[in-house]
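Chemist: This is the structure I want to talk about, given as structure tokens.
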Amino acid sequence: MIDTDDRTFPEALAAVAGISFDHAGGDGVDYEPYAAFPSAEETTEWIRAWTGNQELDGDAFLPFGMDGTGGQVAFRRVRPGRPLVEQPVVFLGSEGEAVVLSQDLTGFLWLLADGYGPTDFVWSERRPPRPSADLAAVAEAHGGAASRRSAAEVVKAAAAEFPDFEDEIFEMCR
């Protein structure tokens with residue numbers, strides 16, 4: 001059973017929310033961090049709207065940011081007994097995209113630190129990394145310097161651990 005009572009906003013996400021993201025000219029990181037988790041009711045409403053499945057309660061997801069189109073970045077609570085920050089981070093996009101971004105919050109922080117947002121790994125063409133010293137400092141403070149990986153390594157490891165993520169999500173859809 002997954003502990004869905006833990007809705008404490010991680011300190012690392014609060015630090016990310018305090019950093020300004022450059023969206024200028026479409027060349028910046030398309031990510032808008034939240035300062036707190038949406039309510040359980042809002043999360044349920046979102047996952048039901050996204051999947052068309054009115055039987056879902058949203059407990060398996062905890063959104064903490066979005067892209068400019070409203071696609072949600074969320075923890076997917078699938079690791080029983082593990083803390084929230086050790087749950088995988090996923091993106092459910094406004095156009096039906098379903099991508100596992102990282103194995104945990106630390107990986108997602110390094111993805112941001114490399115200058116990538118959630119949609120940058122949805123399509124095959126990627127722009128070069130544009131590292132952010134501010135976001136790298138957050139990632140290092142919360143994951144340690146030894147946890148550093150490139151965004152490509154983060155996404156590849158997540159896809160390898162959760163190869164059936166997209167299929168599992170689309171099985172929820174009605």
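Chemist: Considering each of GLY81, GLY117, GLY68, GLY107 in turn, give the residue that is of a type in the set (Gly, Ala, Ser) and at positive phi.
Modeler: GLY81
Chemist: If you don't mind, another one. Only one of VAL78, VAL73 is at pLDDT 95 or above and touching a helix residue (DSSP H, G or I) at 6+ places or on another chain (Cβ under 6 Å); which? Explain how you work it out, then say what you get.
Modeler: On the way: VAL78 fails: touching a helix residue (DSSP H, G or I) at 6+ places or on another chain (Cβ under 6 Å).
Step by step, each of VAL78, VAL73 is checked, and only VAL73 is at pLDDT 95 or above and touching a helix residue (DSSP H, G or I) at 6+ places or on another chain (Cβ under 6 Å).
Chemist: Now for a separate question. Can you tell me how many residues in segment 39-59 are of a type in the set (Ser, Thr, Tyr) and in contact with a Gly (Cβ under 8 Å, 6 or more places away or on another chain)? Please lay out each step first, then the result.
Modeler: Narrowing segment 39-59 to residues of a type in the set (Ser, Thr, Tyr): 39, 43-44, 51.
This time we only want the ones that are in contact with a Gly (Cβ under 8 Å, 6 or more places away or on another chain), so: 43-44.
Count: 2.
Chemist: Of all the strands (runs of 3 or more DSSP E) wholly in segment 39-97, which have at least 3 residues that are closer than 16 Å to GLU168 by Cα and of a type in the set (A, V, I, L, M, F, W, C)?
Modeler: On the way: elements: 61-66, 72-76, 89-92.
In segment 39-97, 89-92 are the strands (runs of 3 or more DSSP E) which contain 3 or more residues that are closer than 16 Å to GLU168 by Cα and of a type in the set (A, V, I, L, M, F, W, C).
Chemist: While we're on this one: Is it true that some residue in segment 136-157 is part of a loop (DSSP other than H, G, I, E, B) and of a type in the set (Asp, Glu)?
Modeler: We begin by selecting, within segment 136-157, every residue part of a loop (DSSP other than H, G, I, E, B); these are 144, 148-150.
From the residues that got through so far, the ones that are of a type in the set (Asp, Glu) too are none.
Scanning segment 136-157, I find no residue that is part of a loop (DSSP other than H, G, I, E, B) and of a type in the set (Asp, Glu), so the answer is no.
Chemist: For segment 99-126, what are the residues that are touching a residue at least 60 places away in the same chain (Cβ under 8 Å) and in a loop (DSSP other than H, G, I, E, B)?
Modeler: GLY115, TYR116, GLY117, listed by residue number.
Chemist: Next question, about the same structure. Report whether or not ALA157 is free of Cβ contacts under 8 Å to residues at least 40 places away in the same chain and aliphatic (A, V, I, L, M).
Modeler: no
Chemist: Can you pull out the residues in segment 46-82 that are free of Cβ contacts under 8 Å to residues at least 12 places away in the same chain and buried (at least 16 other Cβ atoms within 10 Å of the Cβ)?
Modeler: ARG48
The values are calculated or read from the model by the stated rules, or taken from the named source; none is laboratory data. Source: prediction; values computed, not measured. Cβ coordinates were reconstructed from backbone atoms using ideal geometry, including for glycine residues, and neighbour counts include every protein chain displayed.
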